[in-house]
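What follows is a single structure, written as structure tokens, with notes after it.
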Amino acid sequence: MKLYYSPGACSLSPHIALLEAGLPYDLVKVDLRAKKLENGDDFLAVNPKGQVPALGLDSGELVTEGPVIVQYIADRAAEKNLAPAHGSDERRKLQELLTFINGEVHKNFSPLFQPVFSDETKEFFRTRLTAKFKYLDGLLTGNGYLLGNNFSVADGYLFTMLRWADAHKLDLSMFKNLMAYKDRVAARPKVQEALAKEGLMKAA
């Protein structure tokens, strides 16, 4: 498999999943602005969406969209328990979490990356994000991870978003569960390995 990624982007989530799953893969770095691979090839020829993550399968097929990719990875290594079994109530909860992180957290970060938006507009989205993180902080009450005491692919995704929060200086210090959780996930050896491979020296 090949993981098309950009350092620190949302592709960090499936990168963590691949390492936690113990699956073999190659990393292919993408320049998202130029839409080019490191060797100069056109990334749009690989993924017409022009976005990471994208996972190239050995069959030649391409899987896109982070929540789909991480579930695919988890199912390829079911013995690692990175996702509950298909059809179970716990799997439904995982899918709900992935959808929430994707639609309510990830997408609300998008304006913060755009220099064309005013500070006032960005502050609106920062306030929205704080409310989303407050909800997630509540879910972590009494739990080590989002689904209880077992690390899942949803945790790699939320950890990535927490790194983005730090990069944009979003103050989440009032959310004690979330802060302890971030440190807990960051301490995992495979998370540290993913950060090192992407040239991100330490968890933000």
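The values are calculated or read from the model by the stated rules, or taken from the named source; none is laboratory data. Predicted model only: the values in this text are computed from it and were never measured. No Cβ is skipped: glycine too gets one built from the backbone with ideal geometry, and neighbour counts run over all protein chains shown. With ligands, DNA and RNA removed, areas are computed over all heavy atoms of the protein, side chains included. Shrake-Rupley method; radii C 1.70, N 1.55, O 1.52, S 1.80 Å.
Miscellaneous remarks
- Shown for the chain: the carbon plus sulfur share of the solvent-accessible area, taken with all protein chains present and a 1.4 angstrom probe, equals 51%.
- DSSP-loop trypsin sites (Lys or Arg not before Pro) across segment 116-186, with at most 15 other Cβ within 10 angstrom: Lys169
- For Lys36, the residues whose modelled amide H falls within less than 5 Å of its own, excluding neighbours fewer than 5 places apart on the same chain, are Asp31, Phe43.
- Subtracting the Cα-Cα distance of Lys134 and Lys107 from 0.36 nm times their residue separation leaves 8.1 nm of extension gain.
- Peptides ranked, highest mean first, by Cβ atoms within 10 Å: ranges 154-162, 32-40: 154-162, 32-40
- Residues of segment 95-123 with amide N under 14 Å of the 7 Å Cα→Cβ point at Asn150: 95
- In the chain, helices alone account for a calculated mean residue ellipticity at 222 nm of -13500 deg cm²/dmol, with every DSSP H run of four or more residues adding -39,500 (n - 2.57).
- Look at the Cα gyration tensor of segment 25-133: its axes a ≥ b ≥ c give a/c of at least 1.5 with a/b at or below b/c, and that counts as oblate.
- Rolling a 1.4 Å probe across the protein heavy atoms gives segment 1-86 an accessible surface of 48 Å² per residue.
- Shape call, segment 98-163: gyration tensor on alpha carbons, a/c limit 1.5: prolate
- Kyte-Doolittle at least -1.0, axis length at least 27 Å by Cα - qualifying DSSP helices, the chain: 119-139
- Cα gyration tensor shape for segment 117-204, rounded if a/c is under 1.5, else prolate or oblate: oblate
- Theoretical gain in end-to-end length, Asp89 to Glu123 [0.36 nm per residue, Cα-Cα removed]: 8.6 nm
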